[in-house]
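Enquirer: Submitted below is the structure of interest, expressed as structure tokens.
The values are calculated or read from the model by the stated rules, or taken from the named source; none is laboratory data. Keep in mind that what you see is a predicted model, and the values were worked out from it rather than measured. For neighbour counting, all protein chains shown are included, and Cβ atoms are generated from backbone atoms with ideal geometry for every residue, glycine included.
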Amino acid sequence: MKIRSAEITMSAVNKSQYPDEGIPEIALVGRSNVGKSSIVNTLLNRRNFARTSQTPGKTRTINFYLINKEFFFVDLPGYGYAKIAKSEKEKWGKIMERYLADREELCTIFLLVDIRHEPSNDDVIMYDWIKHFGYNCVVIATKADKISRGQYQKHINIIRKKLQLEPDEKIIPISSLKKTGVEEVWNEIVHQYHENGYDVTVD
Ligand code: GTP
Ligand code: MG
């Protein structure tokens, strides 16, 4: 994918702040620290475009990143961070539900899970939520550099089983550190936009 432009359009909490030009979007969800912001940087080949941190739970807003003026990546706030206050969790739930419940522009959700670990119960709930709201789901297995390639399939099987993915739903391993799997994810992005009736320019 040729990146001609990338802009941070909005950090939104409320619906009125969402972009409303009918530009299609793919959203990234997953637990705090799983690598959502990192994957945005990796896909765009930028170092510090989306903010990443050592502090889990840092991304608390819905961040809309406009790419090539054609489509959005939507970086959603992470979940599953143990030290977070209950009131914060409720706030998180409201922000997410408001967005997911009825978002015409949203084509597909990328659910990020750490390739090393069996998905958490929160991940299962998130997956079920995605299906409940009727979106396509693609699972991205992050931090693939932490295991050897020979171990990929075993870990992918564990993820597939725990989330109870449908046979046609994909799991794509990626490493933002080693820049592996980037091409596969881009191909999937283009494919998902096509499936939803949108054309995106590849180069
Ligand atoms: P929140 O915004 O808190 O929800 O987190 P996030 O999902 O956006 O995670 P983020 O991209 O900030 O990454 C969290 C930590 O994981 C950072 O320290 C990253 O450097 C690290 N990390 C992300 N991707 C990879 C990867 O592919 N490999 C390795 N080894 N570390 C990674
Ligand atoms: Mg983040």
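Enquirer: Could you go through the stretch 143-156 and let me know if any residue there is within 16 Å of ligand 1 (Cβ to nearest atom), among the hydrophobic types (A, V, I, L, M, F, W, C) and in contact with a Ser or Thr (Cβ under 9 Å, 6 or more places away or on another chain).
Expert: yes
Enquirer: Run Tyr152 past the list (1) exposed (fewer than 15 other Cβ atoms within 10 Å of the Cβ); (2) more than 15 Å from Phe110 (Cα to Cα); (3) not β-branched (Val, Ile, Thr) and report the number of the one that doesn't hold.
Expert: Result: Tyr152 passes all but (1).
Enquirer: Okay, next question. So, in the stretch 109-149, of the ones that are among the polar types (S, T, N, Q) and surrounded by fewer than 21 Cβ atoms within 10 Å (Cβ to Cβ), which residue ends up farthest from Pro19 (Cα to Cα)?
Expert: Per the stated criteria, the residue is Ser148.
Enquirer: Let me ask something else. Only one of these is more than 12 Å from ligand 1 (Cβ to nearest atom), over 16 Å from the mean Cα position of the chain (by Cα) and under 22 Å from Ala144 (Cα atoms): Arg46, Arg4, Arg98. Name it.
Expert: Matching residue, one of Arg46, Arg4, Arg98: Arg46.
Enquirer: Specify which of the listed residues (Cys107, Cys137) is away from ligand 1 (no atom under 16 Å from the Cβ), within 15 Å of the chain's Cα centre (by Cα) and over 21 Å from Lys15 (Cα atoms).
Expert: Unique residue meeting the criteria: Cys137.
Enquirer: Which pairs do you get when a residue that is in contact (Cβ under 8 Å) with a residue 40 or more places away in the chain and polar (S, T, N, Q), found in the stretch 62-79, comes within reach of a residue that is buried (at least 22 other Cβ atoms within 10 Å of the Cβ) and outside any strand (DSSP E or B), reach meaning Cβ atoms under 8 angstrom, with the pair 6+ apart or on two chains?
Expert: Every condition considered, the pairs that remain are Asn63/Ala50.
Enquirer: What pairs come out if I take residues in the stretch 176-192 that are closer than 18 Å to Asp114 by Cβ and pair them with residues that are in a loop (DSSP other than H, G, I, E, B) whose C-beta lies under 8 Å away, six or more apart or interchain?
Expert: Between residues of the stretch 176-192 that are closer than 18 Å to Asp114 by Cβ and residues that are in a loop (DSSP other than H, G, I, E, B), the close pairs are Ser176/Gly35; Ser176/Lys143; Leu177/Lys143; Thr180/Ile174; Gly181/Ile174; Val182/Ile174; Glu184/Ile174; Val185/Ile174.
Enquirer: Considering the stretch 90-126 alone, what residues qualify as being of a type in the set (D, E, K, R) and free of Cβ contacts under 8 Å to residues at least 40 places away in the same chain?
Expert: Those that are of a type in the set (D, E, K, R) and free of Cβ contacts under 8 Å to residues at least 40 places away in the same chain: Glu90, Lys91, Lys94, Glu97, Asp102, Arg116.
Enquirer: Could you please give the count of residues in the stretch 66-83 that are in a strand (DSSP E or B) and closer than 16 Å to Ile23 by Cα?
Expert: 7
Enquirer: From Asn48, Asn63, grab the single residue that is modelled with pLDDT under 95, within 16 Å of ligand 2 (Cβ to nearest atom), farther than 19 Å from Ile171 by Cβ and in a strand (DSSP E or B).
Expert: Of the residues listed, the single one that is modelled with pLDDT under 95, within 16 Å of ligand 2 (Cβ to nearest atom), farther than 19 Å from Ile171 by Cβ and in a strand (DSSP E or B) is Asn63.
Enquirer: Go through the stretch 8-42 and give me each residue that's more than 13 Å from ligand 2 (Cβ to nearest atom), surrounded by fewer than 19 Cβ atoms within 10 Å (Cβ to Cβ) and hydrophobic (A, V, I, L, M, F, W, C).
Expert: Met10, Ala12, Val13, Ile23
Enquirer: Can you say whether Val74 is closer than 22 Å to Asp199 by Cβ, within 15 Å of ligand 1 (Cβ to nearest atom) and crowded, with 22+ Cβ neighbours inside 10 Å, as far as the supplied structure shows?
Expert: In short, yes.
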